[in-house]
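Comments concern the structure below.
The values are calculated or read from the model by the stated rules, or taken from the named source; none is laboratory data. These numbers come from a predicted model, not from an experiment. Every residue, glycine among them, receives a Cβ derived from its backbone with ideal geometry; neighbour counts consider all protein chains shown.
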Amino acid sequence: MDLQLAGKRVFISGSTQGIGYAIAKACLAEGACVVINGRTSDRVAEAVVRLREETRVDADAVSGIAADFADAHQVTALIDSLGNVDVLVNSVGVFDIDDFFDAGDDAWYRYFEINVLSGLRLSRALMPAMLDRGWGRIIFVGTESAVDVPAAMIPYGASKSASLALSNGLAKLTRGTAVTVNTVLGGPTYSDGVARTVEQIAQAQSITADELKKSLVRDTSLIQRFIDPSEIASTVAFIASPRSSAMNGGAIRADGGVLTTVL
């Protein structure tokens, strides 16, 4: 299926690795022009080179802007240099295991600064031009933890719940236009960060990474494995396309069946 993304300009926050990087690859494969983002210029430059090599696109099809979304001043500079985009993918995010009683205000502020305010600031800056043009896509890369908040990840889950609410509210501002706002609720995904953590734990326990991966699959998972970042990326690419015109204000599940709650 041709997703009709050729010529569309896509910006993806937090996209030098993991799910964001996979989304960039998927959009480039569909003919879009992609702008990626990471915290440092070196990481962005390396990711741009990798994307060009892996997708074999023209050099001008992919570019990047460095900015740390924990720093509001850097986000402002990014927005000033970005210009208009047709598709905004809010992929940047942080997660960790936190004891609720030990996590201080600084930890909570960091989660909300990056996981919530990143999408808020980008949407506030880029959405008006989409509405003026009458077409656009805003996609939040969310998580099933926004709906079923883990006891060991309450600050993270609460921030992703807030992001989901933001997405739903923004969709209501698009009434009568061809602009849509949706969230993709991913499940346990074997991203670069997760892979590193699994390998470290497996080494410490003197078992293989594959053995540990199998033991970490949740009982409620219907696919009984980790999700690959490319599977989330395929879902995002479709929602980014004109083909998804009837999907707006949604929480689209790509969670492998982990959630038992019907949305």
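Name the single residue that is surrounded by the most Cβ atoms within 10 Å (Cβ to Cβ) among those in region 168-181 being small (Gly, Ala, Ser) and in contact (Cβ under 8 Å) with a residue 60 or more places away in the chain. Among them, the one singled out is 171. Based on what the data block shows, is residue 142 buried (at least 20 other Cβ atoms within 10 Å of the Cβ), in contact (Cβ under 8 Å) with a residue 40 or more places away in the chain and either under 23 Å from residue 191 (Cβ atoms) or touching a Leu at 6+ places or on another chain (Cβ under 9 Å) (or both)? So residue 142 passes the test.
Of all the residues in region 95-132, those that are buried (at least 17 other Cβ atoms within 10 Å of the Cβ) and β-branched (Val, Ile, Thr) number 2. Any chance region 145-156 includes a residue that's of a type in the set (A, V, I, L, M, F, W, C) and within 13 Å of the chain's Cα centre (by Cα)? No, the conditions are met nowhere in region 145-156.
Evaluated against (1) over 27 Å from residue 185 (Cβ atoms); (2) touching a residue at least 60 places away in the same chain (Cβ under 8 Å), residue 93 falls short on exactly one condition, (1). Filtering region 139-191 to residues that are of a type in the set (D, E, K, R) and either in a loop (DSSP other than H, G, I, E, B) or not assigned by TED's automatic domain parsing to the domain that holds residue 237 (or both) leaves 148, 175. Here is the figure for region 228-257: residues that are assigned to a loop (DSSP other than H, G, I, E, B) and buried (at least 22 other Cβ atoms within 10 Å of the Cβ) total 2. Quick one: is residue 136 buried (at least 16 other Cβ atoms within 10 Å of the Cβ) and closer than 24 Å to residue 196 by Cα? When the stated conditions are applied, residue 136 does not pass them. Of all residue pairs spaced 6 or more apart or on separate chains, those with beta-carbon atoms under 7 Å, a first member in region 57-76 that is assigned by TED's automatic domain parsing to the domain that holds residue 110 and a second member that is of a type in the set (D, E, K, R) and assigned to a loop (DSSP other than H, G, I, E, B) are 66/39; 68/39; 74/68.
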